[in-house]
Number of protein chains: 2
Amino acid sequence: MKEKLTLMIPGPTPVPEKVLQALAKHPIGHRTPEFQEIVRQTTEMLKWLHQTKGDVLSITGSGTAAMEAGIINTLSHGDKVICGENGKFGERWVKVAKAYGLKVEVIKATWGKPLNPEEFKHILENDKDIRAVIITHSETSTGVINDLQKISNYVKTHPKAIMIADCVTSLGACNVPMDDWGIDVIASGSQKGYMMPPGLSFVAMSQKAWDANMESNLPKFYLDLSSYKKAGDKNSNPFTPGVNLYFALLEGLKMMQEEGLENIFNRHKRHKKATQEAIKAMGLSLFADENNSSPSITAISTKEIDAEIIRKSIKDDFDILLAGGQDHLKGKIFRIGHLGFVNDRDILTAISAIEATLNKLGKLKAPIGKGVAVASEILLKSL
Amino acid sequence: MKEKLTLMIPGPTPVPEKVLQALAKHPIGHRTPEFQEIVRQTTEMLKWLHQTKGDVLSITGSGTAAMEAGIINTLSHGDKVICGENGKFGERWVKVAKAYGLKVEVIKATWGKPLNPEEFKHILENDKDIRAVIITHSETSTGVINDLQKISNYVKTHPKAIMIADCVTSLGACNVPMDDWGIDVIASGSQKGYMMPPGLSFVAMSQKAWDANMESNLPKFYLDLSSYKKAGDKNSNPFTPGVNLYFALLEGLKMMQEEGLENIFNRHKRHKKATQEAIKAMGLSLFADENNSSPSITAISTKEIDAEIIRKSIKDDFDILLAGGQDHLKGKIFRIGHLGFVNDRDILTAISAIEATLNKLGKLKAPIGKGVAVASEILLKSL
């Protein structure tokens, strides 16, 4: 049915009416006290979300812009960095680092498997010239979560290196206590856990990251975080920001504060669990290592069935948009996004639709209704 | 009165309800055929607006991001460029060029005066190594319009140089026929003539600009236009774009096409004329050279009166937001934005409010009502 699509992709994610309505307000001047007040409030709430006393800066741009900003504001041409690569976003940060002339040591894991923290430890112990470790916390392309806490712990013992993390699909979904874990740079994007449309992105910076910034010589202007810091200290922006997106951000963050961090994390955990168990009950396989699975995205191996056929069928019949596999995984997996403004009903709906679709395609390997039964039991029990 | 503010600053500019409503739609996936269709339609209309057969690429970011992209995608470290500087934005492009290690020759004019095209001609004739000329067409900070057509003509005769223009407050306000004038790069921003909120920006690229891009070696990733071109050829984006901003862009551009380019340009011309004549009739002075005044912004010298007092008074009493002077012009000028979704009523309203406020402050040097009389005569006569 037209105009009744439900998004269950890992971004854009569903947006509450309140947030959409905020978006539709007449814009105001970005150099006014009224807008400064919005910047002040959202900045305070962003710090709460990141669990940091450091700076959280907002950029009008995508998550990639934020991650690039984190990299190019703390490093210099020729600097040695370690990049973790076990999915499409890991690959992207390697490309960014190389585009700016960094010397990149890549630690790989097969797509679907987590990065091995011990490999990071080994290089960090043996190379005192490493300036940064760059990893993706929740790998959106595969549904794997990497052990950011452990890797960050190893980075902390290194004399020079800082920890730069893409937390685009983990922040606002699971615990990422920036200061506690000693993460120096966290990048994220508005269309994920923030429950708002794409267009804003965020870079959190520790004091160690700012110290590194003092030495950084990579060229930049729009993504020069020192400009954002200077303006941000006056609750302002160096360039015209997405004013209406800020209206939405304010509402989204208020809703997050009302729910509370623990409740948000628990909700994502329950949704992941219900989704995973239902998928297995239907006779399908989880693509990502179950002990290292993202709170936000469940990737499903479809084996002999073309995943794109399942995805298309679910969109056509039930108006639910799921994500496909990227690159070599196209047709081999599909991905359910359960990130941001997602409730128990959405999970039940997605599982029902997947079950009905597999049945229609003659590919269901379990009695119809089993997936829903398993999901509903988990969802209701843990209430 | 709260919630009833009228924006008459040079950006953000007023936004039609239809555009705001589009912004408030539920986001859709940016990798879907439905979104590709929006990219296709908006790209076609952007080409119409730029009067070009070349590419027009959309970036989620501010006008500065677009202008920086234009510069760093066509030039290399150490390249010689000429920058025109007669206001805050001219200054900014000098900073961008220097941040990337370009050798910058600056041609200045006093703020409020236009750049002298003959100075560009002189340097271009004597230095065959110049790779680009960078100017601001409509200088938002002063309300001056520079002679882009003439400067571009001089650039065309040069063997190597390309013409890069900031048309942020001229595009969609006056004629900027990209192909006819031989402009190679045009940057613009959504919160100006496009009648939508800030958050998207646009870079138009000629074939000569793409040829220069092949040689360009400056580091970039988020602002790498070759990625936007590659994705754009499939009606897609390299990164998650501001999906809801695209909904708004589509509506704004449709409204512009319904009005037609000539009508849009005439409307801005009439509004400029009515504003200028009314200001003079009130005994105030225009800050910018009248023969070189922007179609979008009228800057007013307040001489012995503090411009900030006038501006604050108009905001408090009449809920109209005017812009102040920037840097050394703070308190010395105020600026009326008449750009984008502005009708005759808005002009009459602004003039009435300025007149009433000057009268209240005891600073009106003409009989009250004279400004409104002059403005209304011009507005009604030319209908």
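The values are calculated or read from the model by the stated rules, or taken from the named source; none is laboratory data. Just so it is clear, the structure is predicted and the values come from calculations on it, not from any experiment. Neighbour counts are summed over all protein chains in view; Cβ atoms, including those assigned to glycine, are modelled from backbone coordinates with ideal geometry.
Is at least one residue of the range B:126-139 of a type in the set (Gly, Ala, Ser), in a loop (DSSP other than H, G, I, E, B) and away from chain A (no Cβ under 14 Å)? So far as the range B:126-139 goes, no, none of its residues is of a type in the set (Gly, Ala, Ser), in a loop (DSSP other than H, G, I, E, B) and away from chain A (no Cβ under 14 Å). Looking across the range B:1-20 at every residue that is exposed (fewer than 15 other Cβ atoms within 10 Å of the Cβ) and in contact (Cβ under 8 Å) with a residue 60 or more places away in the chain, the one that is farthest from B:Phe202 (Cα to Cα) is identified as B:Met1.
Residue-by-condition table, conditions (1) in contact (Cβ under 8 Å) with a residue 24 or more places away in the chain; (2) of a type in the set (A, V, I, L, M, F, W, C):
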{"residue": "B:Glu262", "(1), (2)": "no, no"}
{"residue": "B:Ile279", "(1), (2)": "yes, yes"}
{"residue": "B:Asp289", "(1), (2)": "yes, no"}
{"residue": "B:Ile310", "(1), (2)": "yes, yes"}
{"residue": "B:Phe318", "(1), (2)": "yes, yes"}
{"residue": "B:Leu321", "(1), (2)": "yes, yes"}
{"residue": "B:Gly340", "(1), (2)": "yes, no"}
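Evaluate the following for A:Met67: is it crowded, with 23+ Cβ neighbours inside 10 Å, touching a residue at least 12 places away in the same chain (Cβ under 8 Å), hydrophobic (A, V, I, L, M, F, W, C) and out of contact with any helix residue (DSSP H, G or I) (no Cβ under 6 Å at 6 or more places or on another chain)? In short, yes.
Only residues that are within 15 Å of A:Ser138 (Cα to Cα) and either over 20 Å from the mean Cα position of the chain (by Cα) or charged (D, E, K, R) (or both) were counted across the range A:84-107, and they come to 4.
Suppose we keep only residues that are more than 21 Å from B:Ala307 (Cα to Cα) and of a type in the set (A, V, I, L, M, F, W, C) within the range B:361-383. Which one would you say is surrounded by the most Cβ atoms within 10 Å (Cβ to Cβ)? Taking the candidates together, the pick is B:Ala375. For the range A:1-56, residues that are over 28 Å from A:Gly324 (Cβ atoms) and assigned to a loop (DSSP other than H, G, I, E, B) total 13. Within the range A:289-310, being touching a Gly at 6+ places or on another chain (Cβ under 7 Å) and among the charged types (D, E, K, R) holds for A:Asp289, A:Asp306, A:Glu308. Of the residues making up the range B:21-58, not one is free of Cβ contacts under 8 Å to residues at least 40 places away in the same chain and aliphatic (A, V, I, L, M).
Just to be sure before I move on: is B:Ile354 outside any strand (DSSP E or B) and either surrounded by fewer than 24 Cβ atoms within 10 Å (Cβ to Cβ) or of a type in the set (S, T, N, Q) (or both) in the structure I sent? No: the conditions fail for B:Ile354. Residues of the range B:110-118 include at least one that is within 27 Å of B:Thr275 (Cβ to Cβ), among the aromatic types (Phe, Trp, Tyr) and assigned to a loop (DSSP other than H, G, I, E, B). Checked against the criterion of being modelled with pLDDT of 95 or more, away from chain A (no Cβ under 14 Å) and within 22 Å of A:His26 (Cβ to Cβ), the candidates B:Glu251, B:Glu215, B:Glu259 yield just one match: B:Glu259. Filter the range A:238-276 down to the residues that are buried (at least 17 other Cβ atoms within 10 Å of the Cβ) and acidic (Asp, Glu) and list them by number. Correct list: A:Glu251 only.
Just to be sure, is A:Glu105 under 22 Å from A:Pro198 (Cα atoms) and either acidic (Asp, Glu) or at pLDDT below 95 (or both)? Against the criterion (under 22 Å from A:Pro198 (Cα atoms) and either acidic (Asp, Glu) or at pLDDT below 95 (or both)), A:Glu105 does not qualify. The residue pairs whose first member lies in the range B:193-208 and is in a helix (DSSP H, G or I), whose second member is surrounded by 24 or more Cβ atoms within 10 Å (Cβ to Cβ), and whose beta carbons are closer than 6 Å, counting only pairs six or more residues apart or on different chains, are B:Lys208/B:Ile162; B:Lys208/B:Asp184.
One residue stands out among those in the range B:218-237 that are of a type in the set (A, V, I, L, M, F, W, C) and facing chain A (nearest Cβ under 10 Å): the one that is surrounded by the fewest Cβ atoms within 10 Å (Cβ to Cβ), which is B:Leu218.
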